[in-house]
Amino acid sequence: MTTRYEAYNEMTFEAYCKTAISRSVLKERLRKAEQGKREQPLSIVTNAMLYGLSCEDTGIEQTEAACRTFYVRGVAVPVHGEKLGQALSYLMPRDREIVLSYFFLGLTVKKIAQQLRISQATVTRRRKAAVAKLRDLLGSIP
């Protein structure tokens with residue numbers, strides 16, 4: 001047999017547990033509602049927003065307008081940095097082709113030399129000179 005005191009304790013404990021559970025459920029629902037206000041459904045995300053998320057440098061939002069496209073042997077090479085694109089446009093066409101092929105297309109010096117029909121030493125020398133000129137140009141472009 002349970003005493004009145006024990007029965008009272010059991011009822012109080014049950015009431016406490018029910019209140020605690022209902023409060024935690026309510027708190028979780030409110031947290032999810034706040035999270036839902038902050039988040040956007042995937043269906044309203046535009047292509048421009050996805051493009052901004054997929055960029056390697058997430059600190060800078062890049063737009064299509066800031067993209068400059070160069071063509072190397074029929075291959076389009078997009079350059080997303082506005083200053084870099086402007087500096088590349090100041091290079092001589094052959095030097096620009098070497099820099100874009102090496103850094104953007106990932107071709108080896110040997111492959112570039114074969115395509116341009118020049119020696120590997122010439123490719124290396126012109127690439128180093130072009131990179132030095134790019135550094136100077138990037139420092140002077142406001």
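The values are calculated or read from the model by the stated rules, or taken from the named source; none is laboratory data. Note that the structure is a prediction, hence the values are computed from the model and not measured. When we count neighbours, we look across all protein chains shown, and the Cβ atoms used for this are built from the backbone with ideal geometry, even at glycine. Keep in mind that these areas ignore ligands, DNA and RNA; they rest on the heavy atoms of the full protein, side chains included. Shrake-Rupley method; radii C 1.70, N 1.55, O 1.52, S 1.80 Å.
Applying the condition of being out of contact with any helix residue (DSSP H, G or I) (no Cβ under 6 Å at 6 or more places or on another chain) and open to solvent by less than 30 Å² (accessible area, probe 1.4 Å) to segment 81-105 and asking which residue is farthest from ALA129 (Cα to Cα) yields GLY85. So which residues in segment 81-135 are among the hydrophobic types (A, V, I, L, M, F, W, C) and at positive phi, if there are any at all? If the condition is that a residue be among the hydrophobic types (A, V, I, L, M, F, W, C) and at positive phi, then no residue fits.
Kindly provide the set of residues from segment 27-59 that are open to solvent by 100 Å² or more (accessible area, probe 1.4 Å) and modelled with pLDDT of 70 or more, ordered by number. Give the steps one after another, and end with the answer.
Looking only at segment 27-59, we keep the residues that are open to solvent by 100 Å² or more (accessible area, probe 1.4 Å), and these are 27, 29-32, 37-40, 42-43, 47, 53, 56, 58.
LYS27, ARG29, LEU30, ARG31, LYS32, LYS37, ARG38, GLU39 - these are the residues of segment 27-59 that are open to solvent by 100 Å² or more (accessible area, probe 1.4 Å) and modelled with pLDDT of 70 or more.
Candidates in segment 106-135 are the residues that are closer than 18 Å to VAL79 by Cβ and open to solvent by 70 Å² or more (accessible area, probe 1.4 Å); of these, the one that is modelled with the lowest pLDDT is ARG135.
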